[in-house]
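The values are calculated or read from the model by the stated rules, or taken from the named source; none is laboratory data. Because the structure is a prediction, the values reported are computed rather than measured. Every residue, glycine as well, gets a Cβ built from its backbone with ideal geometry; the counts of neighbours run over all protein chains shown. These area figures cover heavy atoms from the full protein model, side chains too; ligands, DNA and RNA do not enter into them. Shrake-Rupley method; radii C 1.70, N 1.55, O 1.52, S 1.80 Å.
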Amino acid sequence: FYTMAAFTLAIVGLIYFGSIFKPFVIAFLIWFIINQIKVSLGKIKIKGRALPSVVRSILAFAIIFSIIYIIAELLILNIEGIVASMPEHIANLNTSFDRVTAIINNPNYTEYLQEWINNLNLSGMATSLLSSLSGFVANSAVVLVYVIFFLMEDAAYAIKMDKLFPSKRHEYTKFMHNLKRVNESIRYYIWSMTAISFATGVISYIVLLIMGVEYAFLWSFLVFMLNFIPYIGPLISSLFPAVFAVITTGDLLQFVYVFVAMEIIQIIIGNFIQPMVMGKGTNLSPITVIVALAFWGMLWGIVGMILAVPIMAVIVIICSQVPNARYIAILLSEKGNIPDI
């Protein structure tokens, strides 16, 4: 009863306080990446001495948020371009519709397609997407505040650990060892998945440029983000540029060319390169992934779906290092194989 009550309360809290938890989780991931960059910057020596911790924190912070700002600006420019050229795209869509109706030659289907096109408000969709992206940029101020406070908390971390274990040195050593293993596992997963998604996005960008698909940066960014969503993410990210290629050119074969090219990239990287880089990957069972996508998508929408697998992977990693919670890691894992404590 208490377990079910706690679980229900947790779900209600995640839904009701989603506007607080979502930026908090995003800020935590950004803070984690900043710390890893900070560690990398610590390897830089000036006159045989490493950069001070404060300087490394500021540099890492500036690097991450400069990248986020540049990406946001480029995305806004791409979407604004789509909105401005929408009348031309609608004309191309009507041309494509005429070709489809000529091929189908069935009044029932053509009537259905005509009704679908009439109800398709491309301009409104693009404007709504632009508004959502602008809102995300505005809400990034909340994430920024969280990240700053996370970084401020770093200074007191070591002091708190010493006071948490004032005399029990064995427990302290064991706790820090487990914490280090969890940190290394999370770091490896985040960096590996980010690197794979980034490589997929870059290759997709080059291929889309070669094929002449407009706004290649927008579609390649979607490839990068949706690559964090297993199974359905790569498929959706391949559909977007393929559909847009038809809208902009009016050529139905462009859908096939672009979609096949994008899927080939996803298949090669997903089935050959990713296993070599990540080994067992997330070590999550397929049913865990599907349920996690449905659960976090229900709670936080598309943001929840993007964060679903990283969150579950972190939960498995943490539970695998806690003796009383190892059974949870075993149940959620792919084949029950989890690292020893």
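For this structure, a couple of remarks:
- Proximity of backbone amide H atoms, modeled 1.01 Å from N, is registered between LEU284 and GLU334 at under 5 Å, excluding neighbours fewer than 5 places apart on the same chain.
- Between PHE7 and ILE44, the modelled label-to-label distance comes to 4.8 nm, taking each label 7 Å out from Cα in the direction of the beta carbon.
- Taking all C-alpha pairs of the range 157-314, those more than 29 Å from each other amount to 34 percent.
- In terms of accessible area, using a 1.4 Å probe and ignoring ligands and nucleic acids, ILE287, ILE82, ILE67, ILE328 rank largest first as ILE287, ILE67, ILE328, ILE82.
- In this structure ARG56 has an accessible area near 40 Å², from a 1.4 Å probe over the protein heavy atoms.
- Sequence-separation-based contact order of the range 194-269, relative, with Cα cut under 8 Å and 6+ spacing, percent: 30 percent
- Across LYS22/LYS43; LYS160/LYS180; LYS38/LYS174, pairs whose alpha-carbon gap is larger than 22 Å: LYS22/LYS43; LYS38/LYS174
- Per residue accessible area in Å² of the range 142-275, where ligands, DNA and RNA are left out and the probe is 1.4 Å: 55 Å²
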